[in-house]
Amino acid sequence: MSATARLSNARLRDLSSTVARPGYDRSRMQTGIVHIGIGAFHRAHQAVYTDAVLADGDLNWGIVGASLRSGDTRDALAPQDGLYTVAVRDGGGERLSVIGSSTGLLVAPENPQALLAAMTDPQVKIVSLTVTEKGYCHLPASGELDETHPDIRHDVASPHLPRSAIGFIVEAIARRRAAGVRPFTLLSCDNLPANGRTLKRVVNRFAALRDADLGRFVAGEIACPSTMVDRIVPATTDTDRAAVSRALGMEDAWPIMTEPFSQWVIEDDFPAGRPAWETAGATFVSDVDPYEFMKLRLLNGSHSTLAYLGYLAGHETVSDTMTAPGFATLVRSMMDEEVTPTLPRLPGIDLEAYKADLLARFRNPALRHRTWQIAMDGSQKLPQRLLGTIRDRIAAGVPFTRLALGVAAWIRYAAGTDEKGARIDVRDPLAETMRERARGYSSTAELAAAFLKMEQVFGTDLSANASFAAAVEAALTSLVRDGAAATVAHTAGG
């Protein structure tokens, strides 16, 4: 393969007939969406749904993607005219599709005004986000805006040169309002409880901090429908890049690996208009909460539990973890006995089938989803993935042994040293705080107490709850004394 043989518009015709490619004239696309957080999940999920809408003939919904941090994605995809490959993998093999829904790629720190100009374009009807939990600059335990966050402080003081997603959104709203341009719809696609309402809450508060009148406008005029998104998307490796490029017969600098399963449930509240995503398989509903509870508590809660325990037990991937003794039994019994009783009524949903599908997805050996990747940003993820369920179990006066083990495994992981004494590369917005709390403890009781006092994670209720502290301390003691593998083995059955 020559160095110049790169995926591009001009080379689409050279692809093998087995590779799907955009079935529309990309030169006629208009930008209708600005997406903040142009990472792997977006490119495997929302961009794929939108590609299908474009292929159906509605060319008004091209996506300008923006990164709030590095230019890596832009640097990889701009020479490819924004094209990239999605490789869908399972035990049956691999299916490749080239996705063409991108109309541009921006890097906010390099040129914040370019992103603001894109967001204020009257053709743009939707601003969507996949910025992970930490990108909302909120307090995970309460869902309120973190007014002490450095980026929020900067953006309140310098609103015309924002750094945060929230700052960009509110400045774009203000500019559209001043120009008489209709507001866009804000669409969160992150794993947050009531993600639309969470986004609306932090945007409202930030706007009010800037200007009371702007705050009232945002509160009354900006639609923020909630969504539930689901697709497992591991990080792309150099081996993945090489394999996909060989299959294409040309280089793709950043293909995406994913599973066959994909789900998108969306509240239908788009005053400025929206793509017909339902034609690509999305589900529009009046209330996304039941679906979101099911997914956050069953899938994401189980995924995080497997990630921390699996990493501690020495397993690189989720599929490796699922084959080790006790792990599949542990997570299924956690789903059945501790999570399912907390879920709201789910009309039309077969929970038993859903849980069985989750276990099959976790076992998919073709994905190679690293436990370390899932373990990132645990301080931001635990409140919605595990702690809400635990609160419901406490209120009902029933045990939560396996859920507490998931929390204890996070503490053991976040303390920064693995079972062999090696340093763990903990990636988390609160990593420094956690290092301080883990330093110099003389007992697991002290370590557990130090972490459980983190009110930004556990709130004031769990931090002061004796039964919660006792359950987490007992699980942590077992993890430190016996190791993750042995602890899983004797906890799996209850």
Could you list, ordered by first residue, the pairs with Cβ atoms under 6 Å in which the first is in region 430-454 and in contact (Cβ under 8 Å) with a residue 40 or more places away in the chain and within 27 Å of D146 (Cβ to Cβ) and the second is among the aliphatic types (A, V, I, L, M) and buried (at least 20 other Cβ atoms within 10 Å of the Cβ), at least 6 apart or interchain?
M434/A414; A448/V472; A448/L476; F451/I411
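Answer yes or no: is there a residue in region 313-321 that is outside any helix (DSSP H, G or I), modelled with pLDDT of 95 or more, under 18 Å from R361 (Cα atoms) and out of contact with any Phe, Trp or Tyr (no Cβ under 9 Å at 6 or more places or on another chain).
yes
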Kindly indicate whether P234 is touching a residue at least 40 places away in the same chain (Cβ under 8 Å), crowded, with 22+ Cβ neighbours inside 10 Å and part of a loop (DSSP other than H, G, I, E, B).
yes
Consider region 430-442. How many of its residues are assigned to a loop (DSSP other than H, G, I, E, B) and either of a type in the set (G, A, S) or at pLDDT 95 or above (or both)?
3
Residue that is nearest to H42 (Cα to Cα), among those in region 85-129 that are in a loop (DSSP other than H, G, I, E, B) and polar (S, T, N, Q)
S101
Any residue at all in region 353-360 that is more than 26 Å from the chain's Cα centre (by Cα), surrounded by fewer than 17 Cβ atoms within 10 Å (Cβ to Cβ) and either more than 21 Å from L309 (Cβ to Cβ) or at pLDDT below 95 (or both)?
no
Yes or no: A445 part of a helix (DSSP H, G or I) and over 16 Å from Y308 (Cβ atoms)?
yes
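Evaluate the following for Q380: is it surrounded by fewer than 20 Cβ atoms within 10 Å (Cβ to Cβ) and either under 30 Å from L452 (Cβ atoms) or among the hydroxyl-bearing types (S, T, Y) (or both)?
no
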Could you list all residues from region 195-229 that are of a type in the set (A, V, I, L, M, F, W, C), surrounded by 19 or more Cβ atoms within 10 Å (Cβ to Cβ) and in contact with a Gly (Cβ under 9 Å, 6 or more places away or on another chain)?
V202, F206, A207, C224
Testing L139 on (1) modelled with pLDDT under 95; (2) of a type outside the set (S, T, N, Q); (3) under 21 Å from V107 (Cα atoms), one condition comes back false. Which one is that?
(3)
Residue under evaluation M334, criteria (1) within 29 Å of G135 (Cα to Cα); (2) surrounded by 22 or more Cβ atoms within 10 Å (Cβ to Cβ), criterion not met
(1)
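Okay, residues lined up against (1) in a helix (DSSP H, G or I); (2) under 20 Å from the mean Cα position of the chain (by Cα); (3) basic (K, R); (4) under 27 Å from Q30 (Cα atoms):
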site: L214; (1), (2), (3), (4): yes, no, no, no
site: T239; (1), (2), (3), (4): yes, no, no, no
site: I266; (1), (2), (3), (4): no, yes, no, yes
site: Y291; (1), (2), (3), (4): yes, yes, no, no
Give me the residue from region 52-84 that is β-branched (V, I, T) and under 30 Å from R163 (Cβ atoms) and, out of that set, surrounded by the most Cβ atoms within 10 Å (Cβ to Cβ).
I63
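The rows are residues; the columns are (1) more than 22 Å from the chain's Cα centre (by Cα); (2) farther than 25 Å from S8 by Cα; (3) modelled with pLDDT under 95.
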| residue | (1), (2), (3) |
| --- | --- |
| V88 | no, no, no |
| V98 | yes, no, no |
| L105 | no, no, no |
| Q113 | yes, yes, no |
| A117 | yes, yes, no |
Of the listed residues (H149, H138), the one being of a type outside the set (V, I, T) and free of Cβ contacts under 8 Å to residues at least 24 places away in the same chain is H149
Only one residue in G32, G62, G23 is modelled with pLDDT under 95 and under 18 Å from T279 (Cα atoms). Which one?
G23
Could you check, for region 162-183, whether at least one of its residues is closer than 24 Å to S27 by Cβ and touching a residue at least 40 places away in the same chain (Cβ under 8 Å)?
no
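The values are calculated or read from the model by the stated rules, or taken from the named source; none is laboratory data. Every value quoted in this text rests on a predicted model; they were computed, and no experiment measured them. Glycine gets a Cβ as well: all are built from the backbone with ideal geometry, and neighbour counts include every protein chain shown.
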